[in-house]
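Enquirer: Structure below; questions to follow.
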Amino acid sequence: MSSEQTAYFERLRMHLGLGDPVESDLVRELASHVEDRVGQLVAGGTPEARAREIAFAGFGRPETLAHLVRQAHLVTPWLEALLGAAAFLLVGLMIGLGLWQQPIAAAAGGTLVIALTLYGLWLGRPPWFYPWAGIALTIPIIVGYVAFAVLQRETPLLLDGAAGPFGLAGFAGALLYFPVGLVVVAAAVLVAVRRDWLDASVLLSPLPCALVWVIAIQRAGGITSAGAALTDTGALLCAVYVCMAVAALVFLRASVRSFKVTTLIGAALVLVLGSTLLLDPGGGLVAFTGRAALLLAFLLSPALVARHA
């Protein structure tokens, strides 16, 4: 092997974190695959140097390949698991401390979420990417709420024939947003399902909390006037997000797939309990059971999609 190829495998081993026996076997198998591929290309008339470039090109970046191999082995290092859990913790703190009402803090939090999501996408979607991408997908829900507020304000004016040009443009844009937002969320979920339906379920997990928060804001009078009326609600929702952060940490560190599924279901029940206490504390057992069934169906729907894909 050339020095470049030796360096590639050294970088791969540095990012694998699977233990020496497993890493040695894997590198040996990959090197053997490269030599076989080079032999086939050289036999077909390709110069050896070019044949080696082609053989290695299929592996991609060593960091990306290491992420994919670790995911196949259901191994997530502690640092990456903590990074994934931090996505829920960040949102919980922003809601609990009321930072979402401060434009600079809200913009900084949104920028951080988008930046880490794009970075994870660039790395090849490591396990910690999906909690951050799920939080990023809550942004369309927030924007959807703004679009709903625009429709709520402009519809009476439109029916009375009193809407101006800007009002008409805002109404049309808000109306168009909903199918566009739905397509964005559906496309993200389908991409995740192609790799593993559990990843898609993690991607979906922040959306119910975002919906509960939007409903709570609407009941409190809207974004501009909610204020102190959401103090208790924010504290409870913060606790739900902290529980989700713990669940994400356990989920990412779990080495048994069935335990991952169990963790996902347990987190769903925490979500249902939190939403019940926030939206309808007097709903009773029937309402709680109904919400639990709907939420479980929502979070486990990627399994059905994957089965029929």
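The values are calculated or read from the model by the stated rules, or taken from the named source; none is laboratory data. Being a predicted model, the structure only gives us computed values, none of them experimental. Reconstructed Cβ throughout: ideal geometry from the backbone, glycine too, with neighbour counts over all protein chains shown. What goes into the accessible areas is simple: the full protein's heavy atoms, side chains included, and nothing from ligands, DNA or RNA. Shrake-Rupley method; radii C 1.70, N 1.55, O 1.52, S 1.80 Å.
Enquirer: Criterion first (at pLDDT 75 or above, polar (S, T, N, Q) and open to solvent by 70 Å² or more (accessible area, probe 1.4 Å)) does THR224 satisfy it?
Expert: Working: at pLDDT 75 or above: no; polar (S, T, N, Q): yes; open to solvent by 70 Å² or more (accessible area, probe 1.4 Å): yes.
No; evaluated as a whole, the condition is false for this residue.
Enquirer: Moving on. Is it the case that the range 67-90 has a residue that's over 23 Å from PRO126 (Cβ atoms) and either assigned to a loop (DSSP other than H, G, I, E, B) or modelled with pLDDT of 85 or more (or both)? Can you show your working first?
Expert: Initial filter on the range 67-90 (over 23 Å from PRO126 (Cβ atoms)): none.
The answer is no; no qualifying residue exists.
Enquirer: Considering only residues of the range 107-131 that are over 18 Å from PRO302 (Cα atoms) and aromatic (Phe, Trp, Tyr), which is least open to solvent (accessible area, probe 1.4 Å)? Steps first, please.
Expert: Residues of the range 107-131 over 18 Å from PRO302 (Cα atoms): 107-124, 126, 128.
Filter once more, keeping what is aromatic (Phe, Trp, Tyr): 119, 122, 128.
Working: TYR119: 110, TRP122: 151, TRP128: 8 Å².
Filtering the range 107-131 for residues that are over 18 Å from PRO302 (Cα atoms) and aromatic (Phe, Trp, Tyr), the one least open to solvent (accessible area, probe 1.4 Å) comes out as TRP128.
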